[in-house]
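So the structure is just underneath, and the comments pick up after that.
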Amino acid sequence: MENPTGIFTNTLIWFGVAISVSEIEAGIQIASASSLNSLWLPLVLGHVLGGILLFFIGFIGAKLRINAMETTKSAFGKYGSKFFATLNVLQLIAWVAVLNAQGAVALVSLNLPISFEMTSAILAALVGLWVYIGLQRSTKITTSVMSVLIALLVILSVKLFVFSTPAGVNSIFSSSQALSFWNIFEISIAMPISWLPVISDYTKDVENPVKATAASAIAYTLASLWMYFIGIGVVSIGSKNIADAILIMGLGTPGVIIMVFSTVTTNLLATNSAGESAKSIYSRLNPKIAGVIVSVLSVGIAISGIMNHYIGFLYLISSVFAPMAAVLLISFYFNKNDEDNVIHWKWNMFAWFVGFMVYQLAGLFDSVVLGPTLLSIIVSATLTYSYVLLQNIYHVKTLKRNY
């Protein structure tokens, strides 16, 4: 292992992942369609469960010392792993475009003398340059950027508290569009789920697998909750837009810095991981070059209007990678027989597909108990574990016959 990363570095990385406009926008969406008293429990519960999943998935990469998509080989085989790596590259390209577009829209809304298209290009260029330099070679820059960003977000949070009014949320809330407990839970857990196919790209090089992975998951969970709370705070001052809230509170230059840094730090991880996944598909690819290409592609997609499909896209990510994670977890932590054969891989693909379809069907309804994500995880995990049990029974019978 070259240049192992410590607990502080991973904490910093994953704290930065959560600090994004998309997380704030998700908080705004929840607060805009929920009563203030009803949103806290499902919001926190979704993040906690998502953080737990992040830890156990991230620990697989940390223990095996391989990137996120390579961890799926044991559960889905060579071709199954390439299938998910391909899906991951595609979703990361789109995810980078979404984050890019959100950051660009927010910046343009701050009355900057620059177009949305040019802003998207500048943000992508910053990310591409950072990816090419490399995370480990730019640790000091990352630390400096994150320190400034956190300080400015503290100021933003304090300002929101000062400007908020008791009737702020209720003035926007409409009972006719109220989100249910499981709707809020789904929006909450969707964010950490979207990073499941990414986290092992950064835990694979840690010095201490358990502590560094735990620090990463905890840092992301806490920072993400903070961003959601900022989104709720935006609604509490009578706004539905982070840029408008910044203007209302008079945070001119600090607001611009927040928008730029938060977009770049999050996109950095997504773009870098797209390069890692591309390498899993074709080993001769240079991950840095692939990451730069992803940055370039994201500009065109961001300009094309992907923001209009943001929430639907987030749910699509969950429908693919939540059941995939469930299968991987059961296969890694419970399959002690190391049955890495075609039947095993085909069964796991079947278990994933059933979970995927359960999510799609559950998503057709406005609100279902447990929500599509948990239902798909439970179904895929149950099917995967049933195979593990059958294998265990078979091995026990084989041992008895031999003795």
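The values are calculated or read from the model by the stated rules, or taken from the named source; none is laboratory data. Given the structure is predicted, the values throughout are model-derived calculations rather than measurements. Every residue, glycine among them, receives a Cβ derived from its backbone with ideal geometry; neighbour counts consider all protein chains shown. Just the protein is used for accessible areas: all its heavy atoms, side chains included, with ligands, DNA and RNA removed. Shrake-Rupley method; radii C 1.70, N 1.55, O 1.52, S 1.80 Å.
Would a scan of region 87-100 turn up a residue that is touching a strand residue (DSSP E or B) at 6+ places or on another chain (Cβ under 8 Å), touching a residue at least 40 places away in the same chain (Cβ under 8 Å), over 13 Å from Val264 (Cβ atoms) and part of a helix (DSSP H, G or I)? Show your work before the answer.
Looking only at region 87-100, we keep the residues that are touching a strand residue (DSSP E or B) at 6+ places or on another chain (Cβ under 8 Å), and these are none.
The answer is no; no qualifying residue exists.
Sort out which residues of region 361-380 are in a helix (DSSP H, G or I) and buried (at least 20 other Cβ atoms within 10 Å of the Cβ), and write them in order of number.
Matches in region 361-380: Ala362, Gly371, Pro372, Thr373, Leu374, Leu375, Ser376, Ile377, Val379, Ser380.
Residues of region 202-226 being more than 19 Å from Ser20 (Cα to Cα) and open to solvent by less than 10 Å² (accessible area, probe 1.4 Å), which ones?
If the condition is that a residue be more than 19 Å from Ser20 (Cα to Cα) and open to solvent by less than 10 Å² (accessible area, probe 1.4 Å), then Thr203, Val206, Ala212, Thr213 are the ones that fit.
Mind checking which helices (runs of 4 or more DSSP H) fall wholly inside region 1-84 and carry at least 1 residues that are under 28 Å from Phe332 (Cα atoms) and touching a residue at least 60 places away in the same chain (Cβ under 8 Å)?
7-18, 40-64
Open to solvent by less than 10 Å² (accessible area, probe 1.4 Å), more than 16 Å from the chain's Cα centre (by Cα) and of a type in the set (S, T, N, Q) - does that describe any residue in region 90-108?
no
What number of residues in region 227-250 are of a type in the set (Asp, Glu) and open to solvent by less than 50 Å² (accessible area, probe 1.4 Å)?
0
So Tyr79 clears everything in (1) open to solvent by less than 60 Å² (accessible area, probe 1.4 Å); (2) at pLDDT 85 or above except one condition, right? Which one?
(1)
Among Gly300, Gly275, which is in a helix (DSSP H, G or I), more than 29 Å from Leu36 (Cβ to Cβ) and touching a Lys or Arg at 6+ places or on another chain (Cβ under 7 Å)?
That would be Gly275, the only listed residue that is in a helix (DSSP H, G or I), more than 29 Å from Leu36 (Cβ to Cβ) and touching a Lys or Arg at 6+ places or on another chain (Cβ under 7 Å).
Just one of the numbered conditions (1) surrounded by 22 or more Cβ atoms within 10 Å (Cβ to Cβ); (2) in a helix (DSSP H, G or I) is not true of Val198; which one?
That leaves (2) as the condition not met.
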